[in-house]
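Written below as structure tokens is the structure these notes are about.
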Amino acid sequence: MADSEFTYTPGAWRVTEAMKKAFNENGYILVRNMFNQEEVAKVRTALENPNGVQRYALKRADGSDRANRLVLWNHPGRDVTGVMARTERVVGTAEQMLGGDEVYHYHTKLIMKDAKIGGTFCWHQDYGYWYKNGCLYPDMLSVFIPMDDTDKTNGCLQVLRGSHRMGRVNHKLLGEQQQAEPERVEEAHKILLHEYVEMKAGDALFFHCNLLHTSAANTSDRRRWVFIVAFNKRSNDPYKDHHHPRYTPLEKVPDAALLECNDVEDLEGKWFMSNEEDTSTS
């Protein structure tokens, strides 16, 4: 089985055939040190700013007595959070993982599992949500970038390696989440490797929209905040309007643009999702 772990080298990063093979076989690649600590600190500060994206935070129940907070925006914008999502290293890698065709920004979200009270995410596929939005093909992926170190104690991501090859699994509501059919997940556990993806702040996990994944509650005294950018191929433009955007051209920026950007409060045009707009739990 192909190794899915790689390391980012500034100025020398390129997507290799080994990376494409790993993504196609395993459903993900894990890139260590995708963002350095100065870059992470800059984005983290922007995310924590009460006058920035935090103004649009929502709460999501996990089906038990716990909940997570999230902020979701549909267009990247030109602030620090938008520049991070538009960097060549992120967008270019996403395009190569999806076959080399043009992608657009489907949405970005900040998932906040706060210390002691952060909830679980049940086993699901992102396409379990996105299929219902009118996306005909699973030509989509997410880029999972921790703002804090994530491990088993604070609810790191867990995946079933290679489960994207199962295709879309039926999903049903659990609390305010879509849960993959438990019987299918149970059977998949018998033949696929269950991995705990422990990551450092600034690592990046590029994973296929049909990869089954979950995360446990955060019972630790450390928070677990994660920045997640979702991309869709231009050719997979949804056939109907919904609460995420249809194809919108994406302006990539050089990797150096992140440290050059100092805008954290100009949120114009980002289109934050509200509870009223969210149809994914209906």
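Run the accessible area of the stretch 154-282 with a 1.4 Å probe and give the carbon-and-sulfur part as a rounded percent.
Heavy-atom surface of the stretch 154-282 belonging to carbon and sulfur, 1.4 Å probe: 47 percent.
Let me know the charge dipole size of the stretch 22-86 about its Cα centre in debye, to the nearest 20, where only the beta-carbon of Lys, Arg (+1) and Asp, Glu (-1) is charged.
Value, rounded to 20: 220 debye.
Of all alpha-carbon pairs in the chain, indicate the percentage at a distance above 31 angstrom.
Beyond 31 Å sits 19 percent of the P(r) for the chain.
Specify which residue in the list 111, 19, 2 is farthest towards the positive end of the charge dipole of the chain, using unit charges on the beta carbon of Lys, Arg (+1) and Asp, Glu (-1), about the Cα centre.
2
Can you give the charge dipole size of the stretch 145-282 about its Cα centre, rounded to the nearest 20 debye, using +1 on the beta carbon of Lys and Arg and -1 on the beta carbon of Asp and Glu?
740 debye
Rounded to the nearest percent, how much of the accessible area of the stretch 32-87 (1.4 Å probe, protein heavy atoms only) is carbon and sulfur?
Accessible surface attributable to carbon and sulfur in the stretch 32-87 totals 46 percent.
What value, in deg cm²/dmol to 500, does the helix sum -39500 (n - 2.57) over DSSP H runs of n ≥ 4 give at 222 nm once divided by the residues of the chain?
-5500 deg cm²/dmol
Taking only protein heavy atoms and a 1.4 Å probe, what accessible area per residue, in Å², does the chain have with all protein chains in place?
Value returned for the chain: 42 Å² of accessible area per residue.
Would you kindly state how much longer the chain becomes between residue 14 and residue 271 on full extension, computed as 0.36 nm times their sequence separation minus their alpha carbon distance, in nm to one decimal?
89.3 nm
Could you check what % of the DSSP bridge pairs in the chain are antiparallel, to the nearest 5?
90 percent
Roughly how many debye, to the nearest 20, is the charge dipole of the stretch 1-129 about its Cα centre, given +1 on each Lys and Arg Cβ, -1 on each Asp and Glu Cβ, and no other charges?
I would put it at about 520 debye.
Among the listed pairs 152/252; 59/172; 42/200, give every one whose C-alpha distance is greater than 26 Å.
In this structure, 152/252 lie more than 26 Å apart at Cα.
Which loop trypsin sites (Lys or Arg not before Pro) in the stretch 1-62, with loop taken from DSSP, have no more than 16 other Cβ atoms within 10 angstrom of their Cβ?
14
Net charge near residue 101: determine it from the other residues with C-beta under 9 Å of the C-beta of residue 101, scoring Lys and Arg +1 and Asp and Glu -1.
Its environment carries a net charge of -1.
The values are calculated or read from the model by the stated rules, or taken from the named source; none is laboratory data. Everything numeric in this text was worked out from a predicted model, so none of it was measured. Using ideal geometry, Cβ is built from the backbone for each residue, glycine included, and neighbour counts are taken over all protein chains shown. Areas reflect the complete protein model, heavy atoms only, side chains present, ligands, DNA and RNA absent. Shrake-Rupley method; radii C 1.70, N 1.55, O 1.52, S 1.80 Å.
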